[in-house]
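Engineer: The structure's right below; bear with me while I get my questions together.
Laboratory data are not the source of any read-out in this text; all were calculated from the coordinates shown. Fair warning: this is a prediction, and the values are worked out from it, not measured in the lab. Every residue, glycine as well, gets a Cβ built from its backbone with ideal geometry; the counts of neighbours run over all protein chains shown.
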């Protein structure tokens with residue numbers, strides 16, 4: 001099965017950075033229960049307050065099931081992050097693995 005990477009890149013309001021970091025840590029804990037293979041957040045080198053979330057799914061089916069998920073706590077946290085970002089900076093990418101082992 002081909003893995004799927006889903007990424008979100010955005011800039012966080014400088015005054016919200018500490019709260020943002022607490023929120024993504026909480027998201028990571030919630031996602032452990034959701035069956036995501038991995039969830040990582042990186043700060044982009046050379047771009048202060050610019051972050052990228054990377055979700056790794058074991059298959060396209062797992063990604064689609066997650067996309068349809070209605071986990072209320074997760075949705076609250078995602079909306080909270082959305083409120084902390086600089087408008088118009090969000091970029092979404094979905095990558096599907098082409099070379100399977």
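Engineer: By how many nm would the segment from residue 92 to residue 79 lengthen if fully extended, with 0.36 nm per residue of separation less the alpha-carbon distance?
Structural biologist: Working: separation 13, 0.36 × 13 = 4.68 nm, distance 1.53 nm.
That pair, residue 92 and residue 79, stretches by 3.1 nm at full extension.
Engineer: Next question. Between residue 17 and residue 60, take the C-beta separation as r, use R0 = 30 Å, and let me know the FRET efficiency to the nearest 0.05.
Structural biologist: Values: r = 34 Å, r/R0 = 1.12.
Efficiency computed from Cβ-Cβ geometry: 0.35.
Engineer: With an 8 Å Cα cut-off and a minimum separation of 6 or more residues, compute the relative contact order for the chain in percent.
Structural biologist: 50 percent
Engineer: Find the all-direction average of the projected area of the Cα convex hull for the chain, expressing the result in square nanometres with one decimal place.
Structural biologist: On the way: hull surface 27.4 nm².
About 6.8 nm², averaged over all directions.
Engineer: Something else: Between residue 32 and residue 68, what FRET efficiency follows from the Cβ-Cβ distance if R0 is 25 Å, with the result rounded to 0.05? If you can, show how the numbers build up before the last one.
Structural biologist: Details: r = 19 Å, r/R0 = 0.76.
Once the sixth-power term is evaluated, E becomes 0.85.
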